[in-house]
Amino acid sequence: MTRPEVGLTSPEPGGRRPGSWEGPWAEWVAGRSAKARARHRWRELGQLDALGLHGTDSNGRALVLFSSNDYLGLSARPEVVAASIDAAQRWGTGAGAARLISGSRPVHSALEQELAAWKGEEAALVYPSGYSANVGAVPALAGPGVLVCSDALNHASLVDGTRLARSMGAEVVSYHHGEVGEVAQALQSWSGRALVLSDLVFSMDGDRAPAEALAEVCAAHGALLVLDEAHAVLDHAATELPCDLLRTGTLSKTLGSQGGFVAGPSEVVELLVNRSRSFMFTTALAPPAAAAALAALRLLRSPVGDGLVAALGRHAEALWPGRPGPSPIVPVPCGTEQAALAASAELARRGMVVPAVRPPTVPPGTSRLRVTLSAVHTDGEVEALRAGLADLGLQPAPLVG
């Protein structure tokens, strides 16, 4: 019997296309897709050939990215790229297995030591992504008899970690965004262990959590505060907080590489090595990514990093003068999904990539453009974006809620 050639696309006998579905699953996929399209919530992958913040689309159009979380532009720094190349030549392009199976590479341990020092903590543990750090750490600490209080606007990784904790028997409370009083009330009525989860800087609105007030409430009730500091590039210095604290973050935003981490007391990090399933049961962070993050972190903690952070803060102030609390994330309200898509398309026509963020990422009625600024944007590029928004009758404004 002749084996079919790979890639054969002609219909099989009976008219069925190879690899296609039929029956109830095909109907379900078609229905869900049609519903998303009708509500202007359908998403498609676009091709962008880019290095850092500049690239071309599939039609060869030159574009400036205001959509990247590479806040300091470190992903394209020659020192960072060179460190990644050197690591690939020494250890290869992948780690091969989980670290509990094949061991750590020296670059993993070096990165963890410097992450801990950066965050002012005893130890750190590196994960393949920031998502896996949160989705692994929360359920590793929670379970029966544990209360988990989570801000309603937390990142999906904290939300999914909370869902896993609930499936393991934890009690879960979602409190209104930033409402410390609700947290205090929940903790006051609970007699066991408790975790309070919050982004430090929220990914869609760019506002800062009341971390100090949360810490005081946690300290008063013996609760553990877990802060996701992924987007806190302008608030990146280790902050002394008077409570039990665990910090999580990414290597892909401030450091321009890939991966995530948890930082805290050494005994907690050692426990996560033994209980965090998203660390235990997945291949370790690729050595080139770890080496790039390490090189970027060393730059960040040098005068070079100070200059980049200052430049980013200047751009944020130029685009949104007088905003309370600096953030590289600038929300621009549009209201409907259609309006956000139209504004994004017009800015792309002018050579700027500014994504339209729609439900379910944000609540219905709050579709927006989400601008992310970088230190390596030029003053002229930021001014062009400001002018483009003004021409469309749009301007940055708070959208928390």
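The values are calculated or read from the model by the stated rules, or taken from the named source; none is laboratory data. Because the structure is predicted, anything quoted here is derived from the model rather than measured. Here the Cβ is made from the backbone with ideal geometry for all residues, glycine too, and neighbour counts use every protein chain on show.
Of everything in segment 357-372 that is aliphatic (A, V, I, L, M) and at pLDDT 95 or above, the residue that is farthest from the chain's Cα centre (by Cα) is Leu369. Scan segment 224-240 and tell me whether some residue there is farther than 27 Å from Ser132 by Cβ and in contact (Cβ under 8 Å) with a residue 12 or more places away in the chain. Within segment 224-240, one or more residues are farther than 27 Å from Ser132 by Cβ and in contact (Cβ under 8 Å) with a residue 12 or more places away in the chain.
Listed by first and then second residue, the pairs with beta-carbon distance under 8 Å, at least 6 apart or on different chains, first residue in segment 93-116 and without any contact (Cβ under 8 Å) to a residue 12 or more places away in the chain and over 20 Å from Arg275 (Cβ atoms), second buried (at least 18 other Cβ atoms within 10 Å of the Cβ) and hydrophobic (A, V, I, L, M, F, W, C), are Gln113/Ala124. Could you tell me whether Leu72 is within 30 Å of Pro326 (Cα to Cα), out of contact with any strand residue (DSSP E or B) (no Cβ under 6 Å at 6 or more places or on another chain) and in a loop (DSSP other than H, G, I, E, B)? It is true that Leu72 is within 30 Å of Pro326 (Cα to Cα), out of contact with any strand residue (DSSP E or B) (no Cβ under 6 Å at 6 or more places or on another chain) and in a loop (DSSP other than H, G, I, E, B).
Of all the residues in segment 250-296, those that are of a type outside the set (D, E, K, R) and in contact with a His (Cβ under 9 Å, 6 or more places away or on another chain) number 6.
Give, as residue ranges, the strands (runs of 3 or more DSSP E) completely inside segment 13-66 that count at least 3 residues that are free of Cβ contacts under 8 Å to residues at least 40 places away in the same chain. Hits in segment 13-66: 48-51, 54-57. Identification of helices (runs of 4 or more DSSP H) wholly contained in segment 240-314 with 2 or more residues that are over 30 Å from Ala219 (Cβ atoms) yields 287-300.
Among the candidates Ala291, Ala213, which residue alone is surrounded by 24 or more Cβ atoms within 10 Å (Cβ to Cβ) and either touching a helix residue (DSSP H, G or I) at 6+ places or on another chain (Cβ under 6 Å) or free of Cβ contacts under 8 Å to residues at least 60 places away in the same chain (or both)? Residue meeting the stated conditions: Ala291.
The one condition from (1) touching a residue at least 60 places away in the same chain (Cβ under 8 Å); (2) buried (at least 18 other Cβ atoms within 10 Å of the Cβ); (3) under 28 Å from Pro398 (Cβ atoms) that Leu246 does not meet is (3).
Could you check segment 351-386 and list, in sequence order, the residues that are surrounded by fewer than 23 Cβ atoms within 10 Å (Cβ to Cβ) and part of a helix (DSSP H, G or I)? Scanning segment 351-386 gives Asp379, Gly380, Glu381, Val382, Glu383, Ala384, Arg386. Only one entry in Leu234, Leu251 is modelled with pLDDT under 95, in the same structural domain as Leu147 (by TED's automatic domain parsing), closer than 23 Å to Arg298 by Cβ and in contact with a strand residue (DSSP E or B) (Cβ under 9 Å, 6 or more places away or on another chain), namely Leu234.
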